[in-house]
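Student: The structure under discussion is supplied below as structure tokens; questions concerning it will follow.
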Amino acid sequence: SPQDIFPLGLAPFIRLRRGKQAADTRVVENGIFGLLPRFASEVAYGRKTYNARSETVAVLASFKQAWRAGQRCIGPAECIYEPNWETGRAVRWRIGQAGDVPMGIAGIYATWRHPDGRELSTFAMLTVNADQHPVMRRFHRPAEEKRMVVVLHPDAYAEWLSCAVAAAPKFFR
């Protein structure tokens, strides 16, 4: 049954199997929602890294290693929630695709070593500016930049997961 996922919660994501012989095989993995780079000393760091801005994913210390390694993933979702402030206070809106068709959200992933030695999978969703988007510009506080996740068309899943790093930014347009 569906459940809401919050930063630092466990959630599924889809990635390509590691290794040259299985490079085109997709696997589903559970990971912490909030990408933890190698230098993170605790899981709580993921509260700052569950979204990765498309404009800075390649250069910010938290994300650049995963981005440069082509560690792209897809986060399956039935919907997302965003705060609408049109009434003067935050009202949680459910946003989904027509017909309640599940969506695939573009993301990046990394493996993080916990101080106790365990390796944990972690991931972040990619976002783009939504100031001009007819629907998504209605969310977040009035003075804040409007952002939205990158929802991939199902026909683009394979290419998103496997394309060269230099080609990946085309999905942000």
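Student: Out of the total accessible area of the chain (probe 1.4 Å, heavy atoms of protein only), what percent is carbon and sulfur?
Tutor: In the chain, the share of accessible area belonging to carbon and sulfur is 53 percent.
Student: Just in the range 116-151: which trypsin sites (Lys or Arg not before Pro) are loop by DSSP and have at most 11 other Cβ atoms within 10 Å?
Tutor: Loop-located and lightly packed - 118.
Student: OK, next. Provide, for q = 0.15, 0.22, 0.25 Å⁻¹, the log10 of I(q)/I(0) from a solvent-free Debye sum over equal Cα point scatterers in the range 21-107.
Tutor: -0.77, -1.21, -1.27
Student: At R0 = 30 Å, how high is the FRET efficiency between residue 165 and residue 141 if r is their beta carbon distance? Nearest 0.05 is fine.
Tutor: 0.35
Student: Report the charge-dipole magnitude of the range 89-173 in Debye, nearest 20, computed about the Cα centre from +1 at each Lys and Arg Cβ and -1 at each Asp and Glu Cβ.
Tutor: Here the range 89-173 has a charge dipole of around 440 debye.
Student: Taking a probe of 1.4 angstrom, what is the accessible area of residue 14 in Å², to the nearest 10?
Tutor: Residue 14 exposes around 40 Å² with every protein chain in place.
Student: I would also like to ask the following. Can you bin every Cα-Cα distance in the range 1-151 into 5 Å intervals starting at zero and give me the percent of pairs per bin, rounded to whole numbers?
Tutor: The percentages, shortest bin first, are 2, 9, 17, 21, 19, 16, 10, 4, 2, 0, 0.
Student: If you place +1 on the Cβ of every Lys and Arg, -1 on the Cβ of every Asp and Glu, and leave all else neutral, what size is the dipole of the range 1-147 about its Cα centre, to the nearest 20 Debye?
Tutor: Charge dipole, the range 1-147, about its Cα centre: 380 debye, nearest 20.
Student: Something else now. For residue 64, tell me the accessible area in Å² from a 1.4 Å probe, rounded to the nearest 10.
Tutor: Rounded to the nearest 10, that gives 70 Å².
Student: With every protein chain left in place, what is the accessible area per residue of the chain in square angstrom, probe 1.4 Å?
Tutor: Ligands and nucleic acids excluded, the figure is 58 Å² per residue.
Student: Right, here's the next one. Determine the relative contact order of the chain: mean sequence separation of Cα pairs under 8 Å and six or more apart, normalised by residue count, in whole percent.
Tutor: Here the relative contact order equals 22 percent.
The values are calculated or read from the model by the stated rules, or taken from the named source; none is laboratory data. Computed from a predicted model, the values in this text were never measured in an experiment. Here the Cβ is made from the backbone with ideal geometry for all residues, glycine too, and neighbour counts use every protein chain on show. What goes into the accessible areas is simple: the full protein's heavy atoms, side chains included, and nothing from ligands, DNA or RNA. Shrake-Rupley method; radii C 1.70, N 1.55, O 1.52, S 1.80 Å.
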